[in-house]
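Enquirer: Dropping a structure here in structure tokens format, bear with me for questions.
The values are calculated or read from the model by the stated rules, or taken from the named source; none is laboratory data. The structure displayed is predicted, hence computed values, not measured ones. Don't worry about glycine lacking a Cβ; one is built from the backbone with ideal geometry, like all the others, and counts go over all protein chains shown.
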Amino acid sequence: MKNFNGEILFLERSDINTDEIIPAKYLTEITKAALKPYLLEDLKLEGFTTKDIPGKSVIITRENFGCGSSREHAPWALEVNGINLVLAENFARIFKQNMFNCGMMAVELDKETIEEIFKIFKGLKTSIETDFPKAVFVLKSGGKSISIPFTVSEFDRSLVEAGGWINFADKNY
Amino acid sequence: MGKTIAEKIFDTHRIDNPSGDINVIQLDAVFCHEITTPVAINDLKERGMDRVFDSTKIKAVIDHVTPSKDSKTATQARIMREWARNQNIRDFFDIGKNGVCHALFPEKGFVRPGYTIIMGDSHTCTHGAFGAFAAGVGTTDLEVGILKGVCAFHYPKTIKINITGILRKGVFAKDVILSVIGKIGVNGATNKVMEFTGPVVEKMSMEERMTLCNMAIEAGGTSGICYPDSTTVEYLWKFIKDDYESKEKALSDFEKWHSDADAEYTKIIVHDITDLKPMMTVGYKPDQVQEVNTEEKIKVDQIYIGSCTNGRIEDLREAAVVLKGRKISDSVRGILSPATPDVYKLAMKEGLIDIFMEAGFCVTNPTCGACLGMSNGVLAAGEVCASTTNRNFNGRMGKGGMVHLMSPAVAAATSVTGYITTPDNLD
Ligand code: SF4
């Protein structure tokens, strides 16, 4: 199973599309690793630079993350940068499927919870610990700490446990 | 309660139901091309899983950029070639034999009613024209398809689109599907199968049905699908004649892949096309459609006839009827890409290539090329293309370029005048 713990990258915006996550011009690359320097290269978000990425393991964002094309290069670009978990109000369907297919997690939290997280932690060095069996995230920064329960479907859960659809299918079929 | 054709296909191919409405289905074919497959191949190698589930069920082609245009596309092609050789994939189509995947594979007889097919390409829905469930997938799904011959889907929900009325002269399958997408929108069929039925579809050739199903994805559909009938039998007969005593026997077998009368649909749309006129798109989304309006005089720089939507022999014939004895305008360039070598050869035999060339068209080898803005006709910023392809997304045929989608007949008429027009308006 992948690692879902670590420091949070706050992207306070909705509709971040796959072109912003990884621009189309890099689709001729033939390895996942080659995508590493280009993650979020074209993201339009005030105050954000790609220098914010190193050391981060989780993204928290607003609505409809991963909209646009079906390119699986989007989760891969996250993965090779050590980001296996994205929290948002909701996701584009194919992006979400691609994340779980890769053994990564795209987890939906309700609007109020996302608001609260941004309010309490944005701008602070914040880490997340994922208790996968109990389905709880623990967010910590300085002395502050909150626990947030989450849900993923049974099938998505089994993909995460298997480390992705390839391993799941290899074991079961 | 009865079942839809997609439900029948799932029920006969399901090997697991891991949870909820997730169905893992056995695949009858996995199609591969050189843009999405090399990453899958490399990843399987890295995992020590460089195998294929059944080399006879994998069909592969180099079609998007061929011959290769630079060292990156050459590398993609090389990876495909070596993999096909190492894995003993006999149905592999390289330069000289290659053509646009969704035109080539049906032509080779690789699609049958009741089949389940995936490919790392969104227009895989085309193959539903044969009564198959065919869906575009991401790379991981493709990898598992290659390795295990299975794929997971939600149990299919279907929208039935009953196309009624009479298709008038000068109006084609392309106009029908553009009008459907215009009606339901680019998200109108998301997560749904689009079942095309009714008297108009029954009269359509296989080529026309492929045009219809090809654009299901532009309404968000997982697969397009038509009922297999005597037209399907005729098209496939040379491939199946050893499997059936007679065409009648084949037909009655194929008919098991019809939806039941009491099947349940998410939605049933009756779409009367009697008053349908030639259509075109105007914006950057395929649902921004309108009738071709010649008063507007929309000037174009390039005409592109080709692709998995409209690069088949019938499309070339429709365009050639318009172009015969005419010249294209000095203000435009015309590009014809026959979709497959067989289409190309037949077009030569019928004298169509002569007509195109006499008119002033450039004829390229079979390839996707300009359709996705990669080669053989990329637009410059600010240029406009009248195109028989399926996507008018911003920058699709070249950054800053504008694409108007239309039928081959309208594209041909447009090449003569230099602005978008119908054949009726030519002298
Ligand atoms: S012709 Fe265009 S739409 Fe069809 S497979 Fe090729 S690139 Fe895709």
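Enquirer: Mind checking which pairs have a first residue in region B:90-109 that is more than 14 Å from every other protein chain (Cβ to nearest Cβ) and a second that is away from the ligand (no atom under 16 Å from the Cβ) and part of a loop (DSSP other than H, G, I, E, B), Cβ under 9 Å, 6 or more apart or different chains?
Expert: From residues that are more than 14 Å from every other protein chain (Cβ to nearest Cβ), the pairs are B:ARG90/B:SER55; B:ARG90/B:THR56; B:ASP91/B:SER55; B:ASP91/B:THR56; B:LEU104/B:LYS97; B:PHE105/B:ASP91; B:LYS108/B:ASP91.
Enquirer: Does A:SER141 satisfy the criteria of being surrounded by fewer than 21 Cβ atoms within 10 Å (Cβ to Cβ), away from every other protein chain (no Cβ under 14 Å) and polar (S, T, N, Q)?
Expert: Yes, satisfied.
Enquirer: Given B:MET357, B:MET402, B:MET348, B:MET397, which one is modelled with pLDDT under 95, of a type in the set (A, V, I, L, M) and either surrounded by fewer than 21 Cβ atoms within 10 Å (Cβ to Cβ) or closer than 19 Å to A:ALA24 by Cβ (or both)?
Expert: B:MET397
Enquirer: Still on this structure, I have one more. Condition first: among the aromatic types (Phe, Trp, Tyr) and either assigned by TED's automatic domain parsing to the domain that holds B:THR309 or more than 16 Å from the ligand (Cβ to nearest atom) (or both). Now tell me which residues in region B:83-124 satisfy that.
Expert: B:TRP83, B:PHE92, B:TYR115
Enquirer: Yes or no: region B:39-58 includes at least one residue that is crowded, with 21+ Cβ neighbours inside 10 Å and within 16 Å of the ligand (Cβ to nearest atom).
Expert: no
Enquirer: Which of the helices (runs of 4 or more DSSP H) found entirely inside region B:300-384 contain at least 3 residues meeting this: more than 14 Å from the ligand (Cβ to nearest atom)?
Expert: Where helices (runs of 4 or more DSSP H) fall fully within region B:300-384 and carry at least 3 residues being more than 14 Å from the ligand (Cβ to nearest atom), they are B:313-323, B:341-349, B:352-359.
Enquirer: Continuing with this model, one more query. Of everything in region B:119-140, what is among the aliphatic types (A, V, I, L, M), within 12 Å of chain A (Cβ to nearest Cβ) and assigned to a loop (DSSP other than H, G, I, E, B)? Give them in sequence order.
Expert: Once the filter is applied, which keeps residues that are among the aliphatic types (A, V, I, L, M), within 12 Å of chain A (Cβ to nearest Cβ) and assigned to a loop (DSSP other than H, G, I, E, B), region B:119-140 yields only B:VAL137.
Enquirer: Moving on. Report, by residue number, each residue of region B:385-427 that is assigned to a loop (DSSP other than H, G, I, E, B) and over 19 Å from the mean Cα position of the chain (by Cα).
Expert: Selection gives B:ASN394, B:GLY395, B:GLY398, B:LYS399, B:GLY400, B:GLY401, B:GLY418, B:ILE420, B:THR421, B:THR422, B:LEU426, B:ASP427.
Enquirer: Quick one: in region B:1-53, of everything that is aliphatic (A, V, I, L, M) and farther than 30 Å from B:ALA77 by Cα, which residue is nearest to the other protein chains (Cβ to nearest Cβ)?
Expert: Result: B:ILE22.
Enquirer: Out of the residues in region B:191-224 that are within 16 Å of the ligand (Cβ to nearest atom), touching a strand residue (DSSP E or B) at 6+ places or on another chain (Cβ under 7 Å) and not in a helix (DSSP H, G or I), state the one that is nearest to the other protein chains (Cβ to nearest Cβ).
Expert: That would be B:GLY221.
Enquirer: Which of the helices (runs of 4 or more DSSP H) contained wholly in region B:10-118 include at least 2 residues that are under 18 Å from B:MET374 (Cα atoms) and out of contact with any Ser or Thr (no Cβ under 6 Å at 6 or more places or on another chain)?
Expert: Answer list for region B:10-118: B:37-46, B:71-86.
Enquirer: Just name the residue that is modelled with the highest pLDDT out of those in region A:14-35 that are surrounded by fewer than 16 Cβ atoms within 10 Å (Cβ to Cβ) and away from chain B (no Cβ under 14 Å).
Expert: Per the stated criteria, the residue is A:SER14.
Enquirer: Right, here's the next one. Please work out which residue is nearest to A:CYS102 (Cα to Cα), limiting yourself to region B:141-183 and to residues that are assigned to a loop (DSSP other than H, G, I, E, B) and among the small types (Gly, Ala, Ser).
Expert: B:GLY149
Enquirer: Any residue at all in region B:156-167 that is within 14 Å of chain A (Cβ to nearest Cβ) and in contact (Cβ under 8 Å) with a residue 40 or more places away in the chain?
Expert: Yes, region B:156-167 contains at least one residue that is within 14 Å of chain A (Cβ to nearest Cβ) and in contact (Cβ under 8 Å) with a residue 40 or more places away in the chain.
Enquirer: Is it the case, given these coordinates, that B:MET406 is closer than 18 Å to B:MET210 by Cβ and among the aliphatic types (A, V, I, L, M)?
Expert: Yes.
Enquirer: Sticking with this structure for a sec: When you check B:ASN293 against the structure, is it more than 16 Å from the ligand (Cβ to nearest atom) and of a type in the set (S, T, N, Q), yes or no?
Expert: Criteria met by B:ASN293.
Enquirer: Now, a different point. With the condition being over 13 Å from the mean Cα position of the chain (by Cα), I'd like the helices (runs of 4 or more DSSP H) fully within region A:63-173 carrying at least 2 qualifying residues.
Expert: A:93-101, A:111-121, A:154-162, A:165-172
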